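The values are calculated or read from the model by the stated rules, or taken from the named source; none is laboratory data. Please read these numbers as outputs of a predicted model, since none were measured by experiment. Backbone-built Cβ (ideal geometry, glycine too); neighbour counts: all protein chains shown. Accessible surface areas use protein heavy atoms only, side chains included; no ligands, DNA or RNA. Shrake-Rupley method; radii C 1.70, N 1.55, O 1.52, S 1.80 Å.
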Amino acid sequence: MALQQGHATSKNHSLQVACVQFINAIITTPDDLDFRLHLRNEVLRAGLDDALGNIPEQPGEDLAVQLEVFEYHREEDVIELQGRFNDIRFELDDPLDLFNLLLHILQDTKSYPHFLSILQHMIMVRDEELIRPQYFLLFEEFISQVVLYHGGIDPDFGLRKFDIDVDAFIEQAVDKTTVLECQAKVDKITKRMEEIDSAARDRERELEGKVKELETKNATIEKQITEERAKPRMEVTSASAANAAANIKFGSTPP
(Lines give C-alpha, C1' and ligand atoms only; values in the text may rest on other atoms or scores of the structure.)
Protein backbone atom coordinates (compact mmCIF):
# COMPACT_ATOMS: atom_id res chain seq x y z
CA MET A 1 0.00 0.00 0.00
CA ALA A 2 1.43 3.35 -1.07
CA LEU A 3 0.61 5.10 2.21
CA GLN A 4 2.51 2.57 4.30
CA GLN A 5 5.43 2.62 1.88
CA GLY A 6 5.50 6.40 1.98
CA HIS A 7 5.53 6.35 5.74
CA ALA A 8 8.07 3.54 6.07
CA THR A 9 10.58 4.62 3.41
CA SER A 10 10.37 8.40 3.51
CA LYS A 11 12.82 10.40 5.59
CA ASN A 12 10.57 13.42 5.16
CA HIS A 13 9.01 14.01 8.59
CA SER A 14 6.09 16.02 7.17
CA LEU A 15 5.22 13.22 4.72
CA GLN A 16 5.25 10.64 7.51
CA VAL A 17 2.91 12.79 9.59
CA ALA A 18 0.58 13.31 6.59
CA CYS A 19 0.49 9.55 5.86
CA VAL A 20 -0.46 8.57 9.43
CA GLN A 21 -2.96 11.43 9.61
CA PHE A 22 -4.63 10.27 6.39
CA ILE A 23 -4.72 6.65 7.61
CA ASN A 24 -6.37 7.81 10.84
CA ALA A 25 -8.97 9.77 8.86
CA ILE A 26 -9.81 6.71 6.71
CA ILE A 27 -10.11 4.29 9.63
CA THR A 28 -12.08 6.50 12.02
CA THR A 29 -14.62 7.74 9.44
CA PRO A 30 -16.98 4.69 9.30
CA ASP A 31 -19.62 4.45 12.04
CA ASP A 32 -19.71 0.66 11.83
CA LEU A 33 -17.31 -0.97 14.29
CA ASP A 34 -16.83 -4.10 12.17
CA PHE A 35 -15.80 -2.06 9.16
CA ARG A 36 -13.38 0.05 11.22
CA LEU A 37 -11.76 -3.12 12.55
CA HIS A 38 -11.60 -4.52 9.03
CA LEU A 39 -9.95 -1.39 7.64
CA ARG A 40 -7.44 -1.18 10.48
CA ASN A 41 -6.49 -4.84 10.13
CA GLU A 42 -6.06 -4.44 6.37
CA VAL A 43 -3.84 -1.39 6.80
CA LEU A 44 -1.70 -3.06 9.47
CA ARG A 45 -1.38 -6.24 7.43
CA ALA A 46 -0.42 -4.24 4.34
CA GLY A 47 2.74 -3.02 6.06
CA LEU A 48 1.85 -0.33 8.59
CA ASP A 49 2.55 -2.68 11.49
CA ASP A 50 6.18 -3.11 10.35
CA ALA A 51 6.48 0.62 9.69
CA LEU A 52 5.28 1.46 13.20
CA GLY A 53 7.90 -0.90 14.62
CA ASN A 54 10.66 1.10 12.89
CA ILE A 55 9.64 4.47 14.30
CA PRO A 56 12.28 5.97 16.64
CA GLU A 57 11.54 6.36 20.34
CA GLN A 58 11.23 10.13 19.92
CA PRO A 59 9.45 10.58 16.58
CA GLY A 60 8.71 14.28 16.88
CA GLU A 61 5.67 16.02 18.36
CA ASP A 62 3.41 16.02 15.26
CA LEU A 63 4.03 12.37 14.42
CA ALA A 64 3.72 11.37 18.07
CA VAL A 65 0.26 12.98 18.20
CA GLN A 66 -0.94 11.07 15.12
CA LEU A 67 0.44 7.79 16.49
CA GLU A 68 -1.35 8.41 19.79
CA VAL A 69 -4.59 9.02 17.87
CA PHE A 70 -4.09 5.74 15.98
CA GLU A 71 -3.41 3.75 19.17
CA TYR A 72 -6.26 5.45 21.06
CA HIS A 73 -8.88 4.55 18.45
CA ARG A 74 -7.50 1.03 18.14
CA GLU A 75 -7.82 0.47 21.89
CA GLU A 76 -11.30 2.02 21.98
CA ASP A 77 -12.52 -0.24 19.16
CA VAL A 78 -11.10 -3.33 20.88
CA ILE A 79 -12.85 -2.35 24.13
CA GLU A 80 -16.11 -1.85 22.24
CA LEU A 81 -15.68 -5.23 20.56
CA GLN A 82 -14.96 -6.92 23.90
CA GLY A 83 -18.22 -5.45 25.17
CA ARG A 84 -20.06 -7.75 22.76
CA PHE A 85 -18.58 -10.76 24.54
CA ASN A 86 -19.36 -9.81 28.14
CA ASP A 87 -16.08 -7.90 28.40
CA ILE A 88 -13.96 -11.03 27.94
CA ARG A 89 -10.38 -9.83 27.53
CA PHE A 90 -8.61 -10.92 24.35
CA GLU A 91 -6.03 -9.65 21.88
CA LEU A 92 -7.15 -9.19 18.29
CA ASP A 93 -3.68 -10.03 16.98
CA ASP A 94 -3.33 -13.22 19.05
CA PRO A 95 -4.71 -16.23 17.10
CA LEU A 96 -4.83 -18.41 20.22
CA ASP A 97 -6.93 -15.81 22.06
CA LEU A 98 -9.34 -15.59 19.14
CA PHE A 99 -9.61 -19.36 18.77
CA ASN A 100 -10.32 -19.82 22.48
CA LEU A 101 -12.91 -17.04 22.36
CA LEU A 102 -14.71 -18.64 19.40
CA LEU A 103 -14.56 -22.04 21.05
CA HIS A 104 -15.99 -20.60 24.27
CA ILE A 105 -18.81 -18.86 22.38
CA LEU A 106 -19.73 -21.68 20.00
CA GLN A 107 -19.31 -24.76 22.17
CA ASP A 108 -22.61 -26.49 22.97
CA THR A 109 -24.44 -24.38 20.37
CA LYS A 110 -25.86 -25.22 16.95
CA SER A 111 -22.97 -23.29 15.38
CA TYR A 112 -20.32 -25.57 16.86
CA PRO A 113 -20.55 -28.43 14.27
CA HIS A 114 -20.16 -25.87 11.46
CA PHE A 115 -17.20 -24.25 13.22
CA LEU A 116 -15.61 -27.67 13.61
CA SER A 117 -16.31 -28.46 9.96
CA ILE A 118 -14.59 -25.25 8.88
CA LEU A 119 -11.50 -26.20 10.88
CA GLN A 120 -11.54 -29.72 9.48
CA HIS A 121 -11.70 -28.43 5.91
CA MET A 122 -8.92 -25.95 6.57
CA ILE A 123 -6.49 -28.66 7.62
CA MET A 124 -7.22 -30.41 4.33
CA VAL A 125 -5.61 -27.58 2.38
CA ARG A 126 -2.56 -28.92 0.59
CA ASP A 127 0.69 -28.30 2.39
CA GLU A 128 2.47 -26.54 -0.45
CA GLU A 129 4.37 -23.32 -0.04
CA LEU A 130 2.78 -21.57 -3.03
CA ILE A 131 -0.72 -23.07 -2.81
CA ARG A 132 -1.66 -22.83 0.87
CA PRO A 133 -1.45 -18.98 1.11
CA GLN A 134 -3.78 -18.65 -1.90
CA TYR A 135 -6.39 -20.87 -0.23
CA PHE A 136 -6.34 -18.83 2.94
CA LEU A 137 -6.43 -15.56 1.02
CA LEU A 138 -9.55 -16.87 -0.73
CA PHE A 139 -11.10 -17.92 2.61
CA GLU A 140 -10.37 -14.45 3.97
CA GLU A 141 -11.94 -12.76 0.95
CA PHE A 142 -15.13 -14.83 1.22
CA ILE A 143 -15.48 -14.36 4.98
CA SER A 144 -14.81 -10.62 4.93
CA GLN A 145 -17.35 -10.04 2.15
CA VAL A 146 -20.00 -12.16 3.92
CA VAL A 147 -19.43 -10.62 7.37
CA LEU A 148 -19.29 -7.06 6.03
CA TYR A 149 -22.22 -7.66 3.67
CA HIS A 150 -24.10 -4.40 2.98
CA GLY A 151 -22.48 -2.38 5.72
CA GLY A 152 -22.87 -4.92 8.50
CA ILE A 153 -26.56 -5.69 7.89
CA ASP A 154 -27.24 -9.42 8.05
CA PRO A 155 -28.08 -10.82 4.61
CA ASP A 156 -31.23 -12.80 3.91
CA PHE A 157 -29.91 -16.31 4.42
CA GLY A 158 -33.15 -17.71 3.01
CA LEU A 159 -32.09 -16.59 -0.48
CA ARG A 160 -29.05 -18.89 -0.31
CA LYS A 161 -27.29 -16.50 -2.66
CA PHE A 162 -24.50 -14.01 -2.06
CA ASP A 163 -23.11 -11.42 -4.38
CA ILE A 164 -19.41 -12.10 -3.80
CA ASP A 165 -16.87 -10.65 -6.19
CA VAL A 166 -13.72 -12.74 -6.30
CA ASP A 167 -12.75 -12.28 -9.97
CA ALA A 168 -10.28 -9.49 -9.25
CA PHE A 169 -8.92 -11.42 -6.29
CA ILE A 170 -8.44 -14.62 -8.34
CA GLU A 171 -6.68 -12.62 -11.06
CA GLN A 172 -4.40 -11.05 -8.49
CA ALA A 173 -3.80 -14.41 -6.80
CA VAL A 174 -2.84 -16.03 -10.12
CA ASP A 175 -0.40 -13.21 -10.87
CA LYS A 176 0.99 -13.44 -7.37
CA THR A 177 1.35 -17.22 -7.65
CA THR A 178 3.30 -16.79 -10.90
CA VAL A 179 5.56 -14.26 -9.22
CA LEU A 180 6.02 -16.54 -6.21
CA GLU A 181 6.84 -19.49 -8.45
CA CYS A 182 9.44 -17.43 -10.32
CA GLN A 183 10.81 -16.14 -7.04
CA ALA A 184 11.02 -19.70 -5.69
CA LYS A 185 12.99 -20.78 -8.75
CA VAL A 186 15.31 -17.78 -8.44
CA ASP A 187 15.80 -18.51 -4.74
CA LYS A 188 16.57 -22.16 -5.52
CA ILE A 189 19.11 -21.21 -8.20
CA THR A 190 20.63 -18.55 -5.95
CA LYS A 191 20.95 -21.05 -3.11
CA ARG A 192 22.57 -23.60 -5.44
CA MET A 193 25.00 -20.96 -6.73
CA GLU A 194 25.87 -20.01 -3.16
CA GLU A 195 26.50 -23.68 -2.33
CA ILE A 196 28.73 -24.06 -5.41
CA ASP A 197 30.56 -20.84 -4.57
CA SER A 198 31.03 -21.97 -0.97
CA ALA A 199 32.32 -25.38 -2.10
CA ALA A 200 34.71 -23.69 -4.55
CA ARG A 201 36.04 -21.41 -1.79
CA ASP A 202 36.50 -24.42 0.51
CA ARG A 203 38.35 -26.28 -2.26
CA GLU A 204 40.48 -23.22 -2.94
CA ARG A 205 41.42 -22.95 0.74
CA GLU A 206 42.21 -26.68 0.80
CA LEU A 207 44.48 -26.35 -2.26
CA GLU A 208 46.17 -23.29 -0.77
CA GLY A 209 46.89 -25.32 2.37
CA LYS A 210 48.37 -28.16 0.32
CA VAL A 211 50.51 -25.73 -1.70
CA LYS A 212 51.88 -24.20 1.51
CA GLU A 213 52.51 -27.68 2.89
CA LEU A 214 54.41 -28.65 -0.30
CA GLU A 215 56.37 -25.39 -0.21
CA THR A 216 57.34 -26.10 3.39
CA LYS A 217 58.43 -29.66 2.50
CA ASN A 218 60.35 -28.38 -0.53
CA ALA A 219 62.16 -25.80 1.59
CA THR A 220 63.05 -28.49 4.12
CA ILE A 221 64.40 -30.80 1.40
CA GLU A 222 66.44 -27.99 -0.18
CA LYS A 223 67.91 -27.16 3.22
CA GLN A 224 68.82 -30.82 3.79
CA ILE A 225 70.46 -31.03 0.32
CA THR A 226 72.45 -27.88 0.99
CA GLU A 227 73.62 -29.26 4.32
CA GLU A 228 74.57 -32.60 2.73
CA ARG A 229 76.58 -30.85 0.01
CA ALA A 230 78.44 -28.79 2.59
CA LYS A 231 79.53 -31.84 4.65
CA PRO A 232 82.42 -33.17 2.30
CA ARG A 233 84.00 -29.72 2.12
CA MET A 234 83.93 -29.42 5.87
CA GLU A 235 85.51 -32.91 6.19
CA VAL A 236 88.29 -32.10 3.65
CA THR A 237 88.99 -28.80 5.34
CA SER A 238 89.15 -30.53 8.73
CA ALA A 239 91.53 -33.23 7.34
CA SER A 240 93.81 -30.62 5.76
CA ALA A 241 93.94 -28.70 8.99
CA ALA A 242 94.84 -31.87 10.91
CA ASN A 243 97.66 -32.75 8.47
CA ALA A 244 99.09 -29.25 8.65
CA ALA A 245 99.09 -29.38 12.41
CA ALA A 246 100.89 -32.77 12.36
CA ASN A 247 103.61 -31.53 9.98
CA ILE A 248 104.26 -28.50 12.11
CA LYS A 249 104.55 -30.67 15.18
CA PHE A 250 107.20 -32.95 13.65
CA GLY A 251 109.08 -30.13 11.98
CA SER A 252 108.22 -31.02 8.46
CA THR A 253 106.81 -28.72 5.92
CA PRO A 254 104.00 -29.61 3.71
CA PRO A 255 105.03 -30.60 0.17
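Once fully extended, how much extra length lies between Ile143 and Asp187, figured as 0.36 nm per residue of separation less the alpha-carbon to alpha-carbon distance?
Working: separation 44, 0.36 × 44 = 15.84 nm, distance 3.30 nm.
Gain in length upon complete extension: 12.5 nm.
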Report the extension gain between Asp32 and Tyr72 in nm, rounded to one decimal, defined as 0.36 nm multiplied by the number of residues separating them, less their alpha carbon distance. 12.7 nm
How many nm separate the modelled label positions at Thr109 and Arg89, each set 7 Å beyond the Cα in the direction of the Cβ? 2.3
Per-residue accessible area for Ser198 at 1.4 Å probe radius, Å² rounded to 10? 40
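Using a 1.4 angstrom probe on the protein heavy atoms only, line up Tyr135, Tyr112, Tyr72 by accessible area, largest first.
Details: Tyr135 95, Tyr112 70, Tyr72 125 Å².
Order by accessible area, largest first: Tyr72, Tyr135, Tyr112.
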